[in-house]
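Remarks on the structure that follows.
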6 protein chains.
Amino acid sequence: MTTRHDGRKPTDLREVRLTRGWLDHAEGSVLVEFGKTRVLVAASLTEGVPRWRKGSGEGWVTAEYAMLPRATHDRSDRESVRGKIGGRTHEISRLIGRSLRTVVDMKALGENTIVLDCDVLQADGGTRTAAITGAYVALADAIALGRERKIIRQSREPLVSSVAAISVGVVKGVPVLDLDYVEDSAADTDMNVVMTGDGTLIEVQGTAEREPFDRDMLNSMLDLAAGGCEQLAGLQAMVRIRPDGTIFQGVGSR
Amino acid sequence: MTTRHDGRKPTDLREVRLTRGWLDHAEGSVLVEFGKTRVLVAASLTEGVPRWRKGSGEGWVTAEYAMLPRATHDRSDRESVRGKIGGRTHEISRLIGRSLRTVVDMKALGENTIVLDCDVLQADGGTRTAAITGAYVALADAIALGRERKIIRQSREPLVSSVAAISVGVVKGVPVLDLDYVEDSAADTDMNVVMTGDGTLIEVQGTAEREPFDRDMLNSMLDLAAGGCEQLAGLQAMVRIRPDGTIFQGVGSR
Amino acid sequence: MTTRHDGRKPTDLREVRLTRGWLDHAEGSVLVEFGKTRVLVAASLTEGVPRWRKGSGEGWVTAEYAMLPRATHDRSDRESVRGKIGGRTHEISRLIGRSLRTVVDMKALGENTIVLDCDVLQADGGTRTAAITGAYVALADAIALGRERKIIRQSREPLVSSVAAISVGVVKGVPVLDLDYVEDSAADTDMNVVMTGDGTLIEVQGTAEREPFDRDMLNSMLDLAAGGCEQLAGLQAMVRIRPDGTIFQGVGSR
Amino acid sequence: MTTRHDGRKPTDLREVRLTRGWLDHAEGSVLVEFGKTRVLVAASLTEGVPRWRKGSGEGWVTAEYAMLPRATHDRSDRESVRGKIGGRTHEISRLIGRSLRTVVDMKALGENTIVLDCDVLQADGGTRTAAITGAYVALADAIALGRERKIIRQSREPLVSSVAAISVGVVKGVPVLDLDYVEDSAADTDMNVVMTGDGTLIEVQGTAEREPFDRDMLNSMLDLAAGGCEQLAGLQAMVRIRPDGTIFQGVGSR
Amino acid sequence: MTTRHDGRKPTDLREVRLTRGWLDHAEGSVLVEFGKTRVLVAASLTEGVPRWRKGSGEGWVTAEYAMLPRATHDRSDRESVRGKIGGRTHEISRLIGRSLRTVVDMKALGENTIVLDCDVLQADGGTRTAAITGAYVALADAIALGRERKIIRQSREPLVSSVAAISVGVVKGVPVLDLDYVEDSAADTDMNVVMTGDGTLIEVQGTAEREPFDRDMLNSMLDLAAGGCEQLAGLQAMVRIRPDGTIFQGVGSR
Amino acid sequence: MTTRHDGRKPTDLREVRLTRGWLDHAEGSVLVEFGKTRVLVAASLTEGVPRWRKGSGEGWVTAEYAMLPRATHDRSDRESVRGKIGGRTHEISRLIGRSLRTVVDMKALGENTIVLDCDVLQADGGTRTAAITGAYVALADAIALGRERKIIRQSREPLVSSVAAISVGVVKGVPVLDLDYVEDSAADTDMNVVMTGDGTLIEVQGTAEREPFDRDMLNSMLDLAAGGCEQLAGLQAMVRIRPDGTIFQGVGSR
């Protein structure tokens, strides 16, 4: 089996670390790390819903994704300074929000809103998949706290399933899991897959960066992604049991 | 076989119409219609490339997608009036540009830029897939004109393949092709597929709107999309042969 | 009598075409063509009025004018992308709204709003006058539909008169009617005149582009404009009688 | 003859005052007052022209009009705070620039730029006509200084003529000159006329605010305006002779 | 004692002039001049308070500072044209608002709002201190008028004290009062001090522009500022007694 | 001696922690913590300077301050989403940049630019002082690296001194050091002091939040601040010696 530039096998995740409660004020918060990629997720729970949803009896979950200017190798200008949000930022924010909403029973959430702020402190590939994976844990914590504090008053659990996400891609003809920045830049095809803890698909976004790909390659990538999401779902379950603190979990080849 | 609300079979496209040369000034232009969805695509060819690409010897292709305020059933505010571009607009513009770039040999294009403006005059579902399908034809015309006028000077043809796109979705448990607005609003899953004329994949974007979906359903949707894209590729080829004017092609069940 | 670059006499309009019902969703819509200038007008009728007019018992009519990026010979940047609306766009939107409001009895309209979206699909001079001329027809259709659907409930007809507009200018010392882009670029003076169907003036905007002009020249231009507006008013009346569809009317020298 | 609410006859201007050199830094500056309307005009002369005009050997003149937030009876929000410039502001800025450019020989100006900043310190009707009338004087001073300092190096005088502007309107059926805010609010028709010192027309902008108007009324208004502009041209000539300071000139009924 | 470039002693203010009632519409207005620095302050009193303060029984005072484009030696772009407010503008607006709020008893003001618009017509150093000094007088006039008109209904006087401000700095090692532009550009340290009429401190903002400064130097500057503010407080008191009009007061070395 | 709500004495800092090298890409980076206040500072060094400084032979140092939306107790909207930067953000960014520039010899830096991004991950009072204190360490690391990599080529050390900052305030009549959010909200006076490692002043910003303050109180606050800055300067020196990693330093009352 081929080896990758960092020694991983094609089916290996990078080291993944989920640190719950990284912030003191937020109802739920997680520092999620996929290798050097580090995303801080804060879940903010507030009573009430946006105007267009008032009186529906249903809640709302939304997400905002952003990068610190020096998260990347070279510094980028701040979107607040430029005065507008770029297309990539918008696209990822929408993806995260949509993915998390799929596993929330909005009736059970009641007329409450949860905003998931996903701020990339350091970027090394896979920031959107790390964000989704971490956002699930922050969301779950915010919901648990909301139920405990009787802000969420329905007896039914609003969380229907768990959600995790991972990237796959074709590098030098070989499908590999969880690409870092170096691999991402060299990939012919890039795919992000979002799955529930039960192994069903929430989102599949595959893009031919250089070369169009065929159905067989698509299937290989989907198989890889399924394996990665399963491991992440296990980690999410584990970290949720531990009463507090950090779980360190190397899932790499070491 | 189930019938849809407009009488189509699950595997039927709507009536598709491609009118070349709808505009007098643009180097390439197409009015593309998928049923009531009507998108005007203008391809603008200019010498030179954006600053970051200067001196590379390579060209650039980009796209901008927008909707007229009354394209939709209810009027929406103009993005120019709101002073910013929405996430959806950004996302679709990026998708169109990326899809078309995949089939262009940038070295053969030389240091020239083609902008594809895709303006939705009327929306009834599938605006992004209509835009991509039409944009290919406008792009091809602009490239042909550019070669004729010696703006594009390489002897190698810059167009490597053709591109078409179609939507598929799961409505009431049944996978159907080319959803209109009514079906789109009711779909559990929504997928957009971009393919080359050779049947390879350029982009797969599947989203669980309500229910996560499994691999079997994904495969059914991909099969449907492949059939649709093949028909569109045929139409594109046909319209490109006709020296001028309109091709009317009902591909529906009528 | 002098001949113009396209063979017209100084008193000739270009071919004018009004296609009603070009859109399926809008309460009124017209594709208006003055030669190669093509403007799509959509009239959107909604119940209610802007906040500052609430409780007045009076309606509101407003307009928004815009150009597609490749309406012009060279592509222009989108105003939505630049994040602000240019002065020319603002100015023309205001002119169109003001002109149409002059012929509407706001009490008879009741607390309803009509927005007239005038999008220039192709520009070849005279876009604002084409927009006003078309907007009247779209407005009339929206009002008729609103009365039929009992959204507009007053028994009194809200439309007090019809409105048409035409440009005149002085080219090489000769006053001419309905300038196209080539003439417009060469004109010493440029004037836009908006008139009611009864031949009274709603708006006169004359500008010395190169040379100041005297009262005699102003009078010649006003005479020309009066003749042009009268012809347009006739066409508007004709197209409104025909139950549906397209009226093709060459009013030129052919 | 009818009397107006402030005692003026229909043909009377308000008191007009032009104070040259109101600012210390600007190459030309004027505080112009039409009754209570007070506009500060600063002319800034700089070497060089905008990029699109470089190498043409011709200069450029442009204008920016704005209002202080409490110029008006009730405070308005600042356009800088709202983050965008309103349509009315744009429209007036363009009118001022266009009017002044008509009397400048751009070849004689050479590749230099003059910006005319017209800031309304207090508004009581006629701000745009006061601005144009004052801007001519500030422009003339800036040009004179530029020639003296050899920034403008052509021997030919760049100023071809003088420019003044005045408003006319129909109030209660009677055409009147130089409307103040109270009259302006009540006028059926509102017209702004810009003329050269020789009595030719630069710009005519007549708008039916309530009732369409006929050619006779238009002619009456143009006659009134011609008389007003002639008086203003006299004042401009007078103030330019006086070596420095203030000319107070009541042109009213006193 | 050292002499400054304009002949002043280190402890001298420039000539200060306060002209009350410079505007006709505003509830309070002052043209304040510190030498060539000229700031027009308008105080706008309106009933009601911003949303976040409603029902508190307390009023609100806020300020907006801005510069005309040609207030400075070279013309600057308008913030309305650039579409955003610069940091310096924001900072000074906040300083003025904060300073004035310190002397207002918000309960006694009742649920009314006063906006202080400070527009710099000409800048020659010390614009923020001139603005604060003038704003106090405009504020006092607006409050007096508001009480007279029973908009402010509490019997208690809302003004607790007066406010004045002055700049001090270290130029060539010597601490000097009220720097003009030339001195400001050359200063090692720049400090703005806001004081009440009783001589207590409201705001101290000292900045080492070139060289850090020690406690002794800080004390010297504070002594100078106290003297300057005392003189300004005297002037403010004097101008408030005079029933109307202009007080000219040279406080310089003449 | 009085005790504060968290058990500190008036002269106590909170626990301060400086973690160097928190980021992998940035030329210098520090996670600085003052109690629960946590600011991530990244120093980005690039060759070249802004246009207005080109050819001067001098470098440039600037700073940008921002808060994550959930840094605060309640979530705030993102400035990128609102499309503009608030006054407070601007003000603090300018303060940080100015403070750091005071200790940099721009000639010795050469034509290189260092941007200091200070992102508040969690806010509990004193974010600007924590940012300045941390920014010095990140700046020093970036300069050291720049000299090592020969990007900074002068032999002279560009850092002239160290910089630290602390807040002081008057709470219930007692001057206290390093206020947290609870104290800050209750303070009568709030002051931020920036000092060099030698104990001279760079910036003094004192604001009467409720009550004006006198010179004695000002002096007490300055004494407290001097003590705080001295301790911070010691910590900065210590952390710079340690070859890598984290220094934990409780400077509180424990």
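The values are calculated or read from the model by the stated rules, or taken from the named source; none is laboratory data. Predicted model only: the values in this text are computed from it and were never measured. Methodologically, a virtual Cβ is constructed for each residue, glycine included, from the backbone with ideal geometry; neighbour enumeration extends over all protein chains shown.
Observations, loosely collected:
- When every residue of region A:155-174 is checked against the conditions, none turns out to be within 9 Å of another protein chain (Cβ to nearest Cβ) and under 24 Å from residue A:72 (Cβ atoms).
- Selection from region F:111-134 of residues that are under 25 Å from residue F:56 (Cα atoms) and either within 15 Å of the chain's Cα centre (by Cα) or within 14 Å of chain A (Cβ to nearest Cβ) (or both): F:112, F:113, F:114, F:115, F:116, F:117
- The residue that is nearest to the other protein chains (Cβ to nearest Cβ), counting only those in region E:93-110 that are among the small types (Gly, Ala, Ser) and within 15 Å of the chain's Cα centre (by Cα), is E:93.
- Being surrounded by 16 or more Cβ atoms within 10 Å (Cβ to Cβ), more than 9 Å from every other protein chain (Cβ to nearest Cβ) and modelled with pLDDT under 95 holds for only one residue in A:247, A:241, and it is A:247.
- Filter result for the condition that a residue is closer than 30 Å to residue B:197 by Cβ, in contact (Cβ under 8 Å) with a residue 12 or more places away in the chain and among the charged types (D, E, K, R), over A:216, A:188, A:223: A:188
- Among the numbered conditions (1) at negative phi; (2) in a loop (DSSP other than H, G, I, E, B), the only one that residue D:150 does not meet is (1).
- Figure legend. Inter-residue proximity from region C:66-87: first residues over 20 Å from residue B:86 (Cα atoms), second residues buried (at least 22 other Cβ atoms within 10 Å of the Cβ) and charged (D, E, K, R), beta-carbon distance below 7 Å, spacing 6+ or different chains. Indicated pairs: C:70/B:117.
- Flag for residue C:90 being in contact with a His (Cβ under 9 Å, 6 or more places away or on another chain), surrounded by fewer than 18 Cβ atoms within 10 Å (Cβ to Cβ) and within 12 Å of another protein chain (Cβ to nearest Cβ): no
- Taken over region A:153-170, residues that are in contact (Cβ under 8 Å) with a residue 60 or more places away in the chain and of a type in the set (A, V, I, L, M) amount to 5.
- Out of E:120, E:49, sole residue that is more than 23 Å from residue E:166 (Cβ to Cβ) and β-branched (Val, Ile, Thr): E:49
- Of the candidates E:190, E:141, E:178, the single residue that is of a type outside the set (Val, Ile, Thr), under 30 Å from residue F:165 (Cβ atoms), more than 14 Å from chain F (Cβ to nearest Cβ) and buried (at least 17 other Cβ atoms within 10 Å of the Cβ) is E:178.
- Residues being surrounded by 23 or more Cβ atoms within 10 Å (Cβ to Cβ) and within 25 Å of residue F:78 (Cβ to Cβ) - total across region A:3-19: 1
- Complete set of residues in region A:46-85 that are crowded, with 23+ Cβ neighbours inside 10 Å and of a type in the set (Lys, Arg): A:70
- Qualifying positions in region E:21-68 - among the β-branched types (Val, Ile, Thr) and more than 13 Å from residue E:134 (Cα to Cα): E:46, E:49, E:61, E:62
- Flag if residue A:156 is surrounded by fewer than 22 Cβ atoms within 10 Å (Cβ to Cβ) and of a type outside the set (Gly, Ala, Ser): yes
- Residue F:108 meets each of the listed conditions (1) under 29 Å from residue F:48 (Cβ atoms); (2) crowded, with 21+ Cβ neighbours inside 10 Å; (3) of a type in the set (Gly, Ala, Ser) apart from (2).
- Qualifying residues in region B:194-213 (those that are among the hydrophobic types (A, V, I, L, M, F, W, C) and in contact (Cβ under 8 Å) with a residue 40 or more places away in the chain) - the one farthest from the other protein chains (Cβ to nearest Cβ): B:194
- Verdict on residue A:43 being more than 13 Å from chain B (Cβ to nearest Cβ), out of contact with any His (no Cβ under 6 Å at 6 or more places or on another chain), buried (at least 21 other Cβ atoms within 10 Å of the Cβ) and in contact (Cβ under 8 Å) with a residue 12 or more places away in the chain: yes
- Residue F:15 being modelled with pLDDT of 95 or more and away from chain E (no Cβ under 13 Å): no
- Of the residues examined, residue C:31 is one that is surrounded by fewer than 22 Cβ atoms within 10 Å (Cβ to Cβ) and at pLDDT 95 or above.
- Test: residue B:82 is modelled with pLDDT under 95 and within 14 Å of chain A (Cβ to nearest Cβ): yes
- A single member of C:127, C:133, C:113 is in contact (Cβ under 8 Å) with a residue 40 or more places away in the chain, in contact with a Phe, Trp or Tyr (Cβ under 7 Å, 6 or more places away or on another chain) and either surrounded by fewer than 20 Cβ atoms within 10 Å (Cβ to Cβ) or β-branched (Val, Ile, Thr) (or both), and it is C:113.
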